[in-house]
Amino acid sequence: MTTIMIDVVNVRKSFRGRPVLRSLNLTIKRGETMVIIGRSGCGKSVLLKHIVGLLKPDSGQVLVGGIDITKIHGRELDKIRLKFGMLFQGAALFDSLTVGENVGFLLNEHALFGPDEITRKVAESLAHVGLSGIEHMKPAELSGGMKKRVGLARAICHNPEVIFYDEPTTGIDPIMADVINNLIVALNKKLNTTSIVVTHDMVSAYKVATRIAMLYEGAIIAVGNPDEIRATDNPVVRQFITGAAEGPITEAEQRR
Amino acid sequence: MRDILLQTGRRFIAFLQYLGGLTSLSLLTLIWLFAAPFKWKYVIQQMKKIGYDSMPIVFLVALFTGIVLALQSAYQMQKISAEMYIASLVSLSMTRELGPVLTALVVAGRVGAAITAELGTMKVTEQIDALEAMAAPPVQHLVVPRFLASIFMLPLLTIYADAIGIFGGYLVGVYKLNLSSSIYINMSFDPLVMKDLMTGLYKTFFFAAIIALVGCFEGFQTEGGAEGVGLATTRSVVISFILIIATDCLFTVLFYFIF
């Protein structure tokens, strides 16, 4: 069954008069892993934050399961957010809490289970990411790769329907990056979630994606499965996926 | 000329926007104060940070102020042989003015800055976004506990500062000016009426609100890494200082004409 999970319709957003998203459209199906690629600073994270409802668009709609989340606030929006799990770029663990409290934060906050059940779920999530038994540690004691994995454990602890990954492999070594890629694929299969991954790491993109969408100058310029993207004749996409220093993207920047 | 006008206009608009942002944060805080069961655990944590941990520095500042106040007034009072009135002067100025204002300034420098630095770091490392994404409203989690803790602790710290300041004056009066201990104590507390203490304490609630809200607001506004956190912290302290002194002036004028 392929139904539409998230539908981004004509979203526009400017910051201080500078347009970041210009009439962006993107559809994400239930159960797929959508990878959004694009250059650093092109608005990928901004797009992600619109889908989670952390930012409101200047115009346009963001439909999650048919509900326009740009129109709702407070508890209604929170109800939808409980279906989401998000891994932030820098993991965004709360420094003042232990790893265990971080991972179980949402469950505790909304009292979704009793204390024993929460402890069990936290241990289970940490085991998923291969970090059993570190509940008592503080985020400051962890390495970058461990932080990301704890962030991932926190994102999956409440069995979300949709998981968002903001540059999951940026800033960690290639081996750990592959571990994380495998986790994304495994979680997607095991928990049957919809995943949205923002990255500029093409190795990761090819590995985890059901479909890839390229964001360029505030709009999605190409969508397709990894093979279609590899075989693309769009020169902008070509330059990006091959990582060439010369091409239409850099030429456009020089003209500016 | 046109540029100057444009510049002034822009500054003025930015100022109004700032005021608007601060006001909406205040309202949101008040709503969350009554709308939701608030987190006692966090409130108590903050009370310790804001109140208990500020006691040493408030002690020193109040003690030295009491001593200096007594010595400086002795310089004049000795000329007219009115040393015993130093006691009343110290106790009245501490309770009515110096206790509340100095404590507020010390706490703004110590706690306001810490609040902004902490929340600012949380903002730039996306921890505040993470709270929101996990359906945990940042105002409820971060602002309300700090606001409540400030409102509770600043008046208590002020009473503590009043007492220490009076004690500082006592040291000077008894050991330097050779007044008898009982006379000094009588002269300290006889002219002191409830009104003096209360006019000092009313203000502290507003000072506490200023410290917590400006601290949190600047934290939430932080952008751009470590440098941004530094800038926000400085702004937070400067703005709190200005608002505290301005509010103090306003209240003193108000009380002067009303009572």
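Helical runs (DSSP H, four residues minimum) scored at -39500 (n - 2.57) apiece and divided by the length of chain B put the mean residue ellipticity at 222 nm at -27500 deg cm²/dmol.
With q set to 0.09, 0.13, 0.14, 0.22 Å⁻¹, the log10 of I(q)/I(0) for region B:1-136, from the Debye formula over equal scatterers at the Cα positions, is -0.54, -0.87, -0.93, -1.35.
Sorted into 20 angstrom bins from 0, the C-alpha pair distances of the protein assembly as shown split as 19, 43, 25, 11, 2 percent.
By the rule of a C-alpha distance below 19 Å, with chain neighbours fewer than 8 residues away ignored, the lysines paired with B:Lys79 are B:Lys176.
Could you size up the charge dipole of chain B around its Cα centre, putting +1 on the beta carbon of Lys and Arg and -1 on that of Asp and Glu, and report it in debye to the nearest 20?
Working: 16 positive and 15 negative charges, 33 e Å.
Computed about the Cα centre, the dipole is about 160 debye.
Note on region A:117-256: antiparallel DSSP beta bridges, both residues inside, total approximately 50 percent of the bridges counted. Label-to-label distance, A:Ser59 versus A:Glu109, with points set 7 angstrom from Cα along the beta-carbon direction: 3.3 nm. Mind giving me the FRET efficiency for B:Tyr202 and B:Ile242? R0 is 25 Å, r the Cβ-Cβ distance, nearest 0.05 is fine. E between B:Tyr202 and B:Ile242, to the nearest 0.05, is 0.80.
Seen from A:Val162, the other residues with C-beta closer than 13 Å to its C-beta sum to a net charge of +1, counting Lys and Arg as +1 and Asp and Glu as -1. Here region A:37-103 and region B:105-154 have alpha carbon centers that stand 21 Å from each other. Compare the Cα positions of B:Val214, B:Gly173, B:Phe147 along the charge dipole of region B:139-259 (+1 at Cβ of Lys, Arg; -1 at Cβ of Asp, Glu; about the Cα centre) and return the one farthest towards the positive end. Going by the Cα projections, it comes out as B:Gly173. Charge dipole of region A:91-159 (Cα centre as origin; +1 on each Lys and Arg Cβ, -1 on each Asp and Glu Cβ, all else neutral): 280 debye, rounded to the nearest 20. Bin by bin, in steps of 10 Å, what percent of the Cα pairs in region A:91-159 do you find, going until the bin that has the longest distance? P(r) for region A:91-159, in whole percents per bin: 24, 60, 15, 0.
Amide hydrogen proximity for A:Ile36: with H placed 1.01 Å from N in the peptide plane, the residues at 5 or more positions away or on another chain lying under 5 Å are A:Val197, A:Val198, A:Thr199, A:Ala213. How would region A:7-48 be classified by its alpha-carbon gyration tensor: rounded, prolate or oblate, with rounded meaning a/c under 1.5 and the a/b versus b/c comparison settling the rest? Oblate, since a/c reaches 1.5 and b/c is not below a/b. For the options A:Glu246, A:Glu135, A:Glu117, a Gaussian network treatment of chain A with springs between C-alpha atoms closer than 10 Å singles out A:Glu246 as fluctuating the most. Over all pairs of different C-alpha atoms in region A:78-231, the reciprocal of the mean inverse distance, the Kirkwood hydrodynamic radius, equals 16.1 Å. For region A:107-190, the set of chymotrypsin sites (Phe, Trp or Tyr not before Pro) satisfying both a DSSP loop assignment and a count of at most 12 other C-beta atoms within 10 Å is empty.
Across region A:147-152, rounded Karplus estimates of 3J(HN,Hα) from the backbone phi angles (6.51 cos²θ - 1.76 cosθ + 1.60, θ = phi - 60°) give 4, 4, 5, 5, x, 5 Hz, Gly and Pro being marked x. Between B:Val68 and B:Val253, the modelled labels are 2.7 nm apart [label points 7 Å from Cα along Cα→Cβ].
In percent, what relative contact order does region A:91-159 have, based on Cα pairs under 8 Å that are 6 or more apart in sequence? Display every interim value, and only then the final one.
Details: 83 pairs, mean separation 33.8, N = 69.
Value for region A:91-159: 49 percent.
Can you give me the relative contact order of region A:130-252 as a percent, contacts being Cα pairs under 8 Å and 6 or more apart? Before the final figure, lay out each step's value.
Details: 113 pairs, mean separation 19.7, N = 123.
Worked out over region A:130-252, it gives 16 percent.
When chain B is treated as a GNM with alpha-carbon contacts under 10 Å, the residue of B:Ser81, B:Ser26, B:Ser93 showing the greatest mean-square fluctuation is B:Ser81. Cross-link partners for B:Lys39 among the aspartates and glutamates, with Cα-Cα distance under 17 Å and sequence neighbours closer than 8 places in the same chain left out: A:Glu101, A:Glu109, B:Glu132. What is region A:1-117's relative contact order, in percent, from Cα pairs under 8 angstrom and six or more apart in sequence? RCO, region A:1-117: 23 percent.
In nm, what is the difference between 0.36 nm times the number of residues separating A:Val223 and A:Arg30 and their Cα-Cα distance?
Gain on stretching A:Val223 to A:Arg30: 67.9 nm.
Using DSSP, restrict attention to beta bridges with both residues in the protein assembly as shown and report what percent are antiparallel, rounded to the nearest 5. Walk me through the numbers before you get to the answer.
Numbers: 20 of 38 bridges.
Bridges in the protein assembly as shown are about 55 percent antiparallel.
Annotated for region A:114-256: lysine pairs at least 8 residues apart or interchain, Cα distance under 24 Å, count 15. Each residue of region A:226-236 is assigned a 3J(HN,Hα), and the resulting list reads x, 5, 4, 5, 4, 8, 5, 10, 6, x, 5 Hz, derived from the Karplus form 6.51 cos²θ - 1.76 cosθ + 1.60 (θ = phi - 60°), x at Gly and Pro. Within the listed set B:Ser182, B:Ser240, B:Ser73, the Gaussian network model of chain B (springs between alpha-carbon atoms below 10 Å) gives the highest mean-square fluctuation for B:Ser182.
May I ask you to derive the FRET efficiency for A:Asn159 and A:Arg39 from their Cβ-Cβ distance with R0 = 41 Å, giving the value to the nearest 0.05? E between A:Asn159 and A:Arg39, to the nearest 0.05, is 0.75.
Cross-link partners for B:Lys195 among the aspartates and glutamates, with Cα-Cα distance under 13 Å and sequence neighbours closer than 8 places in the same chain left out: B:Glu97. Relative to the current alpha-carbon distance between A:Lys83 and A:Ala245, full extension at 0.36 nm per residue lengthens the span by 54.3 nm.
Could you compute the FRET efficiency for A:Ser143 and B:Leu171, with r as their C-beta to C-beta distance and R0 at 56 Å, rounded to 0.05? E(calc), rounded to 0.05, equals 0.55.
These residues, B:Trp32, B:Trp40, go from largest to smallest accessible area, 1.4 Å probe, as B:Trp40, B:Trp32.
Ordering A:Ala91, A:Met137, A:Leu126 by the projection of their Cα atoms onto the charge dipole of region A:91-159, which places +1 on the Cβ of Lys and Arg and -1 on the Cβ of Asp and Glu, puts A:Ala91 at the extreme positive end. Taking N as the residue count of chain B, its C-alpha radius of gyration divided by 2.2 N^0.38 Å amounts to 1.17.
The values are calculated or read from the model by the stated rules, or taken from the named source; none is laboratory data. As the structure is a prediction and not an experimental result, all values here were calculated from the model. Counting neighbours? That spans all protein chains shown, and the Cβs are built from the backbone with ideal geometry, glycine included. We work out accessible area using only protein heavy atoms, side chains counted, and drop any ligands, DNA or RNA first. Shrake-Rupley method; radii C 1.70, N 1.55, O 1.52, S 1.80 Å.
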